[in-house]
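Remarks on the structure that follows.
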Amino acid sequence: MGKETTLERYGSKTTAIGRVRGLGSAHGGAHHWLVQRLTAIGNLVLMTFLVVSMALLPAYDYAAMAGWVSQPLVATALALLVISVFWHARLGLQVVIEDYVHTSGNKFAALAALNFVAIGGGVFALVCIARLAFAGAA
Amino acid sequence: MADRPLSPHLQIWKWGPHMLVSILHRATGSGMATVGLGILIWWLAALASGPEAYETFAGVIGSPIGILVLIGLTWAFFNHMSSGLRHFVLDIGAGYEIERNKTGSYVVIAAGVLLTIAFWAVVFLK
């Protein structure tokens, strides 16, 4: 019993879920859908922190901004924000590409470029935050 | 690409607020993912590079056009955030009744604009 494959057990018609799996322009999606929501919650919390801080900060000159970012808690929040926001943006733009780019070669190239830009941009932002945080207040 | 029949497109439907919210969610998300993240990276890179680089950044972003772009981005954020919260409501299966759905869509559009005004009021009146 345990060693039987699905094919041997049910014949070639497979299960209902097996017949629909992989269809649609994205060929999958439950995990994408869930991570988009999880990062949305992260964005909601962390962007609220950024927007409220920006509204309330007394000045926007170099000393004020660099001093603010270099605080450990602020740097941590900004690093988490970068991860959450870049991840969410990558997921969102992926759906846009899947909707509007129909030629499979172009779609693959666009999604590859999106991954490189999103991960590259996100890591660069993290390095910038780390540099400010480890240098201490200017 | 398979030569399949296409579903009716935009011009065939009567426009409702939910359609505007839907396309604005995509437009604001795409705008923030490109322009917004570009400015976020520039801001962090300028800060990490030192006062001179930050001066250049602040000069461009602090100009009237820069401020206009920032206002656009904050609106995009507040609109996308309100619209995203509406998505959470729809995700749990609520808010599909026509009247409630319409009202929710109008609330999203209004919240995006009002929060943007509130944010810039705090910044400018500080």
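The values are calculated or read from the model by the stated rules, or taken from the named source; none is laboratory data. Note that the structure is a prediction, hence the values are computed from the model and not measured. Cβ placement follows ideal geometry from the backbone for every residue including glycine, while neighbour counts extend to all protein chains displayed.
Conditions (1) more than 10 Å from every other protein chain (Cβ to nearest Cβ); (2) over 17 Å from A:LEU50 (Cα atoms); (3) touching a Leu at 6+ places or on another chain (Cβ under 9 Å), marked per residue:
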| residue | (1), (2), (3) |
| --- | --- |
| B:PHE88 | no, yes, no |
| B:ASP91 | no, yes, no |
| B:ILE98 | yes, yes, no |
| B:ALA111 | yes, yes, yes |
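Within the range B:3-26, is there a residue that is facing chain A (nearest Cβ under 10 Å) and modelled with pLDDT of 95 or more? Within the range B:3-26, one or more residues are facing chain A (nearest Cβ under 10 Å) and modelled with pLDDT of 95 or more. Picking from residues in the range A:56-66 that are surrounded by fewer than 16 Cβ atoms within 10 Å (Cβ to Cβ) and not in a loop (DSSP other than H, G, I, E, B), the one that is farthest from the other protein chains (Cβ to nearest Cβ) is A:ALA64.
A quick yes/no check of all residues on (1) within 14 Å of the chain's Cα centre (by Cα); (2) of a type in the set (Ser, Thr, Tyr):
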position: A:MET65; (1), (2): no, no
position: A:VAL69; (1), (2): no, no
position: A:SER84; (1), (2): yes, yes
position: A:HIS88; (1), (2): yes, no
position: A:SER104; (1), (2): no, yes
position: A:ALA110; (1), (2): no, no
position: A:LEU114; (1), (2): yes, no
position: A:VAL117; (1), (2): yes, no
position: A:ILE129; (1), (2): no, no
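Taken together, the residues in the range B:61-82 that are in contact with a Phe, Trp or Tyr (Cβ under 9 Å, 6 or more places away or on another chain) and exposed (fewer than 14 other Cβ atoms within 10 Å of the Cβ) amount to 1.
Please work out which residue is surrounded by the most Cβ atoms within 10 Å (Cβ to Cβ), limiting yourself to the range A:93-119 and to residues that are within 10 Å of another protein chain (Cβ to nearest Cβ) and farther than 24 Å from B:LEU6 by Cβ. Here the answer is A:ALA118.
Sort out which residues of the range B:43-54 are more than 7 Å from chain A (Cβ to nearest Cβ) and either in contact with a strand residue (DSSP E or B) (Cβ under 9 Å, 6 or more places away or on another chain) or surrounded by fewer than 18 Cβ atoms within 10 Å (Cβ to Cβ) (or both), and write them in order of number.
Keep residues of the range B:43-54 that are more than 7 Å from chain A (Cβ to nearest Cβ), which gives B:43, B:46, B:49-50, B:52-53.
Within the range B:43-54, B:SER49, B:GLY50, B:GLU52, B:ALA53 meet the criteria.
Considering only residues in the range B:116-126 that are facing chain A (nearest Cβ under 9 Å) and touching a residue at least 24 places away in the same chain (Cβ under 8 Å), the one that is surrounded by the most Cβ atoms within 10 Å (Cβ to Cβ) turns out to be B:PHE119.
Among the residues of this structure, A:VAL85 does not count as one that is crowded, with 18+ Cβ neighbours inside 10 Å, more than 10 Å from chain B (Cβ to nearest Cβ) and either acidic (Asp, Glu) or under 21 Å from A:MET47 (Cβ atoms) (or both).
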